[in-house]
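Novice: The structure is given below, and queries will be raised subsequently.
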Amino acid sequence: MFLDSFNRFFFRLFPIPKFLVTSSFGLDISDESLKFVELIATNNGIKLGKYGERKIPIGIIEAGKIKDSKGLENVLTTLRKEEGIKFVRVSLPEEQVYLFKLNLDKAGLINVREGIELSLEEHIPIQAQEAIFDYETLKEDDQKLALQIGAIPQNIIENYLLVFRNSLISVQSFELEAQAISRSVIKKGDKGTYMIVDFGRTRAGIFIISEGVAVFTSTLNLGGDMLTGMIKKNFNVTTEEAEQMKKKFGLQRNSDNREIFSVLLNSVSVLRDEMMKNLLYWQTHKDEYGKDHPPVEKILLTGGDANLIGLAEYFSISTKNKVEVGNVWTNITDTGNSTPEITFNKSLTFAAALGLALGDFEYD
Amino acid sequence: MINLIPNEEKKKKVLDFYFRLSVVFLMVLGSAMIIASVSILPSYLLSSVKKNTNIAKLESIKNTPLPQDDQKTLLAVSDLNNRLTMIENGDKNKYLVSENVISEIILRKMSDIKITQISYSNGTNQDRTILVNGYAPSRDRLLLFKQALVNDPKFKSVDLPISNFIKGSNISFSLTLLAK
């Protein structure tokens, strides 16, 4: 506590030279868009710097895999020239990352990484030599080491690295989307258990964060665009009109909205079922020490369509859990004293990018 | 925090950081040296000019001939120094010879011979005369003492006048020695 205060005081008087800090942008890449955010350390805390979104033409990235390297290079080169991006922290698509728990016996264990490498193939369908992995310690006692492992095929990372290298952008980290989002919506130091539902345009990610670590992730090919598409199809309106109807009525259940409600409910209930399945799995399975997992305290919604009218209430009633829309500024700025430039609704789409940019302010 | 960047890239990042740190250190060092040089430059120039002026002055003073009075004073001082050195050297060796002579006489003396006085004087031609007065219990003992001194190579001559043998016992004698 005293050390923290001293550090804050010291670095306020003697800030680290910018040349050394390599302030990096958070870069959230999805199949159709690329979101970037820069956070700047000031004497009054962390402030929002440059931010924005660029469209990625369809076909360049599919399900997280780069299909057209040149196309992505062009997008990134333009971004570097326009925004002056030199260093980035990038989120990886959940579909490509394997996340699992591993218990290692301490007896005879010399190197943790070697220990993981030996048992990697028992947990993921790729060879250890062809995988890139990293770990986070969950628990440790005299005999055992409980680890959370993240692994990804080497070729995917190399493809991303090559594209960034050719675009003259240096990658500081490749992180899990779940990890990045949790860093922006869960208060730093909060060791509680939360479920985060990232309701994006094309897909929805469901993550469980416990003791600050992403311990469970799953992805569903259901997003805001699908809801808009269903309204468009059912009411025979244009995409813009369907989008407006979705935002105006959402999941409100009243006489004017009865038809839209039932149309949206079909899709949203699929997401609810997936959430329930994951919740059930979490609550019924034991942890690595044979104990019950801590109960999920709250479900946090992020993503562009998280603010859909009535969505939080619907999930709350149907899952019998506390559900609220996440505040992506939790660890960045005191919204009671200063107002960020981005609107609250818009900021929900930048949850991952903001969380990535926050990585600069934590130990790597 | 799980960071799925390859290990080689992580190492590169660390190297890159140290490279940047070195650059910052060198830049800070360079800036400090430039600032120090600039701030010290006026003082350096000023002291350099003063030094050159003083050297020139000293040279001109050295080259100026001394006045007559000063030359006399210098000669007097030099003469005085020589004299003082001589006195100091003489003072250092003042008792050296006499001590040696007295020690030699006492060494040769028998226990029953009493010496009452020894006088030492530097004569001309660097001759040193020693006069020894005392009492001997008998003529034989006195003669023995004289013989011991004669045998001593440190003495050139030993003079014991015959008048010293008038008395048969408890003889008051007076010996004259000439040291080498």
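The values are calculated or read from the model by the stated rules, or taken from the named source; none is laboratory data. Since the model is a prediction, treat every value here as computed from it, not as a measurement. Backbone-built Cβ (ideal geometry, glycine too); neighbour counts: all protein chains shown.
Novice: List the number of the failed condition for A:T78; all other conditions in (1) on the phi < 0 side of the Ramachandran plot; (2) more than 12 Å from every other protein chain (Cβ to nearest Cβ); (3) out of contact with any Ser or Thr (no Cβ under 7 Å at 6 or more places or on another chain); (4) not in a helix (DSSP H, G or I) hold.
Specialist: The failed condition is (4).
Novice: Additional query: Can you pull out the residues in the stretch A:288-305 that are in a loop (DSSP other than H, G, I, E, B) and closer than 17 Å to A:T217 by Cβ?
Specialist: Correct list: A:H293, A:V296, A:G303.
Novice: Can you pull out the residues in the stretch A:73-88 that are under 20 Å from A:E62 (Cα atoms) and of a type outside the set (V, I, T)?
Specialist: Once the filter is applied, which keeps residues that are under 20 Å from A:E62 (Cα atoms) and of a type outside the set (V, I, T), the stretch A:73-88 yields A:E73, A:N74, A:L76.
Novice: Can you say whether A:A214 is of a type outside the set (K, R) and within 14 Å of another protein chain (Cβ to nearest Cβ), as far as the supplied structure shows?
Specialist: yes
Novice: May I pose another question? Of the numbered conditions (1) among the polar types (S, T, N, Q); (2) closer than 23 Å to A:S338 by Cα; (3) within 14 Å of another protein chain (Cβ to nearest Cβ), A:T22 fails exactly one; give the number of that condition.
Specialist: Evaluating A:T22 over (1) among the polar types (S, T, N, Q); (2) closer than 23 Å to A:S338 by Cα; (3) within 14 Å of another protein chain (Cβ to nearest Cβ) leaves (2) as the failure.
Novice: Looking at (1) in contact with a Ser or Thr (Cβ under 6 Å, 6 or more places away or on another chain); (2) on the phi > 0 side of the Ramachandran plot, can you tell me which one A:E211 breaks?
Specialist: Unmet condition: (1).
Novice: Continuing with this model, one more query. Among the residues of the stretch A:279-306, how many are surrounded by 20 or more Cβ atoms within 10 Å (Cβ to Cβ) and either of a type in the set (S, T, N, Q) or without any contact (Cβ under 8 Å) to a residue 24 or more places away in the chain (or both)?
Specialist: Going through the stretch A:279-306 one residue at a time, the tally reaches 1.
Novice: All but one of (1) touching a residue at least 24 places away in the same chain (Cβ under 8 Å); (2) closer than 21 Å to A:I169 by Cα hold for A:G150; state the number of the condition that does not hold.
Specialist: Against the list (1) touching a residue at least 24 places away in the same chain (Cβ under 8 Å); (2) closer than 21 Å to A:I169 by Cα, A:G150 comes up short only on (2).
Novice: For A:D134, work out the one condition from (1) assigned to a helix (DSSP H, G or I); (2) within 10 Å of chain B (Cβ to nearest Cβ); (3) acidic (D, E) it doesn't fulfil.
Specialist: (1)
Novice: Sticking with this one: Quick one: in the stretch B:13-44, of everything that is under 28 Å from A:S182 (Cα atoms) and facing another protein chain (nearest Cβ under 9 Å), which residue is farthest from the chain's Cα centre (by Cα)? Full working, then the answer.
Specialist: To start, the set of residues in the stretch B:13-44 that are under 28 Å from A:S182 (Cα atoms) comprises B:13-14, B:17.
Adding the requirement that they be facing another protein chain (nearest Cβ under 9 Å) leaves B:13, B:17.
Numbers: B:K13: 71, B:F17: 66 Å.
Selected residue: B:K13.
Novice: Take the conditions within 14 Å of chain B (Cβ to nearest Cβ), under 22 Å from A:Y135 (Cβ atoms) and either within 17 Å of the chain's Cα centre (by Cα) or in a strand (DSSP E or B) (or both) and apply them to A:G205. Does it pass?
Specialist: So A:G205 fails the test.
Novice: Looking for whichever is more than 29 Å from A:I196 (Cα to Cα) and within 14 Å of chain B (Cβ to nearest Cβ) here; the options are A:F6, A:F10, A:F14. Which one fits?
Specialist: Every option except A:F14 fails the conditions.
Novice: Which residues, taken from the stretch A:214-238, are buried (at least 23 other Cβ atoms within 10 Å of the Cβ) and in a strand (DSSP E or B)?
Specialist: Within the stretch A:214-238, A:A214, A:T217 qualify.
Novice: Could you tell me whether A:E117 is surrounded by 13 or more Cβ atoms within 10 Å (Cβ to Cβ), assigned to a strand (DSSP E or B) and either more than 10 Å from chain B (Cβ to nearest Cβ) or under 22 Å from the mean Cα position of the chain (by Cα) (or both)? Lay out the reasoning, then the answer.
Specialist: On the way: surrounded by 13 or more Cβ atoms within 10 Å (Cβ to Cβ): yes; assigned to a strand (DSSP E or B): no; either more than 10 Å from chain B (Cβ to nearest Cβ) or under 22 Å from the mean Cα position of the chain (by Cα) (or both): yes.
Judged against the criteria, A:E117 is not a match.
Novice: Something else: Quick one: which residue in A:V197, A:V237, A:V215 is modelled with pLDDT under 90 and under 20 Å from the mean Cα position of the chain (by Cα)?
Specialist: Exactly one of A:V197, A:V237, A:V215 is modelled with pLDDT under 90 and under 20 Å from the mean Cα position of the chain (by Cα), namely A:V215.
Novice: May I pose another question? Does A:R80 satisfy the criteria of being among the charged types (D, E, K, R), at pLDDT 90 or above and out of contact with any helix residue (DSSP H, G or I) (no Cβ under 8 Å at 6 or more places or on another chain)?
Specialist: Working: among the charged types (D, E, K, R): yes; at pLDDT 90 or above: yes; out of contact with any helix residue (DSSP H, G or I) (no Cβ under 8 Å at 6 or more places or on another chain): yes.
Here the answer is yes, as A:R80 does meet what is asked.
Novice: What number of residues in the stretch A:163-200 are within 14 Å of A:D28 (Cα to Cα), β-branched (V, I, T) and either more than 14 Å from chain B (Cβ to nearest Cβ) or assigned to a helix (DSSP H, G or I) (or both)?
Specialist: Total satisfying the criteria: 1.
Novice: Shifting gears a bit: Of everything in the stretch A:137-162 that's assigned to a strand (DSSP E or B) and surrounded by fewer than 18 Cβ atoms within 10 Å (Cβ to Cβ), which residue is nearest to the other protein chains (Cβ to nearest Cβ)?
Specialist: A:T137
Novice: Quick check on the stretch B:118-134: of everything there that is over 14 Å from B:F155 (Cβ atoms) and modelled with pLDDT of 90 or more, which residue is surrounded by the fewest Cβ atoms within 10 Å (Cβ to Cβ)?
Specialist: Top of the filtered list is B:N133.
Residues are listed down the side, and each one gets a yes or a no for (1) loosely packed, with under 10 Cβ neighbours inside 10 Å; (2) among the polar types (S, T, N, Q); (3) in contact (Cβ under 8 Å) with a residue 40 or more places away in the chain; (4) part of a loop (DSSP other than H, G, I, E, B):
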position: B:E9; (1), (2), (3), (4): no, no, no, no
position: B:S22; (1), (2), (3), (4): no, yes, no, no
position: B:S31; (1), (2), (3), (4): no, yes, no, no
position: B:I35; (1), (2), (3), (4): no, no, no, no
position: B:K50; (1), (2), (3), (4): no, no, no, no
position: B:T53; (1), (2), (3), (4): no, yes, no, no
position: B:K57; (1), (2), (3), (4): no, no, no, no
position: B:D69; (1), (2), (3), (4): yes, no, no, no
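Novice: When the stretch A:21-62 is examined, which residues are found to be outside any strand (DSSP E or B) and surrounded by 13 or more Cβ atoms within 10 Å (Cβ to Cβ)?
Specialist: A:V21, A:T22, A:S23, A:S24, A:S30, A:D31, A:E32, A:I56, A:I60
Novice: Something else: Please give the number of the condition A:E121 fails out of (1) under 20 Å from A:P153 (Cα atoms); (2) in contact (Cβ under 8 Å) with a residue 24 or more places away in the chain.
Specialist: Going through (1) under 20 Å from A:P153 (Cα atoms); (2) in contact (Cβ under 8 Å) with a residue 24 or more places away in the chain one by one, A:E121 breaks only (2).
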